[in-house]
Amino acid sequence: MSRTIQPQPGIMEIALYQGGASVIDGVSDVVKLSSNENPAGPCDAAKRAVERAVHQLHRYPNTDHASLRKAIGEVHGINPEQIICGVGSDEIITFLCQAYAGVGDEVIYTEHGFSMYKISARAAGATAVEVAEHERTVDVDAILAAATDKTRLVFIANPANPTGTMIGGNEAARLAAGLPENCLLVLDGAYAEYVEGFDGGKALVEARNNVVMTRTFSKLYGLGGLRIGWGYAPREVIDVLNRVRGPFNLSEVQMAAAEAAVRDTDYAKKCRLENTRLRAWLAEALAELGVSSDTSCANFILARFHDQAEAEACDDFLKTHGILVRRVAGYKLPHCLRITVGDEASCRRVAHTIAKFKEGLE
């Protein structure tokens, strides 16, 4: 008698994550604006660090990430002992769900929130609870109303992906204060570096015992191909997460590149300022074409069209001109396209092409 081997409950409910497309069949000159990558790439210091690190590929990496945590701590003014590093901030999200949520527990995420929150919650056996947003922005009151004694984690991205919107520090603090005692608030700061003067939730982590901040080197620092992230949390939370973290989850190449990148604050500032300039230009150019967007605090624009049909037709038209953007119907925004802020030539090219698309509709 045969028996079918079954995965844990919740696993087969997970929809596979879909990354941004990077190729168009038959097109060689592709402008990729689908994955929110830094068009300038990593700083020269990070490149040199990688070149040096490859000579030690036969050696196991250190297990405590001490040098990288020290660099992050010095740059951000935080205690290295309260930092954990992972394979992108995605792995920190996975650790949190693995350590704090399971069968019978609930994990809250918002209507247009990053899909990995739901995936990681279900992988841990927990119930993923979706909460409505208000005009594509996190609604604190809605989250507090949805939280129960079963809620263990609340995930919000601030700024958010794919909307680009964010809530202020007072609202984040109100959310943290209003959650059940046995619940952690996780502030995903993947795009925090794009907001001038924003600490990503650092002060809130230090003021409370129920807040975790996650960050990444994949966006502003241009290291998406190496997958490096980190989290900042109360010591007792870090102690728990390190118990589920694999001992060699980051290579020396990853750590060396990240340390060099975080210390090059001049390059980070240059990239942030250039993104701010071109983001404003692109948003205004699209608005003049009748394509609206919320004020973005990240490195992309969420362009809103009249309906799903128009958004998809525009996407198809862009592809015929070698431009890749991101459809976001999977985030319940079928009438929108997420467009990464590329370099100046890319921004002008996408605006010009959308103008041609609009002319064809007239």
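Quick notes on this structure:
- Three principal axis extents describe the C-alpha atoms of region 63-103; from largest down they are 39, 17, 15 Å.
- Among S346, S296, sorting on how many other beta-carbon atoms sit within 10 Å of each Cβ, with the fewest leading, yields S346, S296.
- Derived scalar couplings ³J(HN,Hα) [region 310-318; Karplus, 6.51 cos²θ - 1.76 cosθ + 1.60; whole Hz; x for Gly, Pro]: 5, 4, 5, 5, 5, 4, 4, 5, 4
- Per-bin percent of Cα-Cα distances, region 1-71 [10 Å]: 12, 20, 22, 30, 13, 3, 0
- Shape analysis of the chain yields a ratio of the Cα radius of gyration to the Kirkwood radius, Rg/Rh, of 0.97.
- Taken one residue at a time, the phi angles of region 56-69 give Karplus couplings (6.51, -1.76, 1.60, θ = phi - 60°) of 10, 5, 7, 9, 5, x, 5, 9, 10, 6, 4, 5, 5, 4 Hz. Gly and Pro are set to x.
- Dividing the summed helix terms, -39500 (n - 2.57) for each DSSP H run of n ≥ 4, by the number of residues in the chain produces a 222 nm estimate of -12000 deg cm²/dmol to the nearest 500.
- For region 45-263: relative contact order, % (alpha-carbon pairs under 8 angstrom, 6 or more apart): 29 percent
- C-alpha center-to-center spacing [region 175-190, region 24-80] in angstrom: 29 Å
- Between N182 and D29, the FRET efficiency estimated from the beta carbon spacing at R0 = 41 angstrom works out to 0.15.
- Separation between Cα centres of region 330-348 and region 292-319, rounded to whole Å: 6 Å
- Using a cut-off of 21 Å between Cα atoms, the listed pairs K32/K269; K269/K319; K118/K150; K32/K356 include K32/K269; K269/K319 as exceeding that distance.
- Peptides 90-98, 38-46, ordered by how many other C-beta atoms sit within 10 Å of their residues on average, highest first, read 90-98, 38-46.
- Shown is the FRET efficiency for D294 and D64, computed with R0 = 51 Å from the Cβ-Cβ distance and rounded to the nearest 0.05: 0.80.
- Antiparallel bridge percentage (DSSP; both residues within the chain; nearest 5): 50 percent
- In order along region 345-358, phi translates into HN-Hα couplings of 4, 5, 4, 5, 5, 5, 5, 5, 5, 5, 4, 5, 4, 5 Hz, rounded to whole numbers, per the Karplus curve 6.51 cos²θ - 1.76 cosθ + 1.60 with θ = phi - 60° and x for Gly and Pro.
- Computing FRET efficiency as 1/(1 + (r/R0)^6) for E206 and L361, where r is the C-beta to C-beta distance and R0 is 35 Å, gives about 0.10.
- For region 216-329, a Kirkwood hydrodynamic radius built from all Cα pairs, placed in the Stokes-Einstein relation at 37 °C and 0.692 mPa s, yields a translational diffusion coefficient of 187 µm²/s.
- Packing-based order for 268-274, 106-112, using average beta carbon neighbours within 10 Å, highest first: 106-112, 268-274
- Relative protection proxy for 187-196, 164-173, from highest mean packing down: 187-196, 164-173 (other beta-carbon atoms within 10 angstrom).
Values in this text are rule-based calculations from the coordinates and carry no lab data. Note that this is a predicted model, so its numbers are computed, not measured. Neighbour counts run over all protein chains shown; Cβ positions are idealised from the backbone, glycine included.
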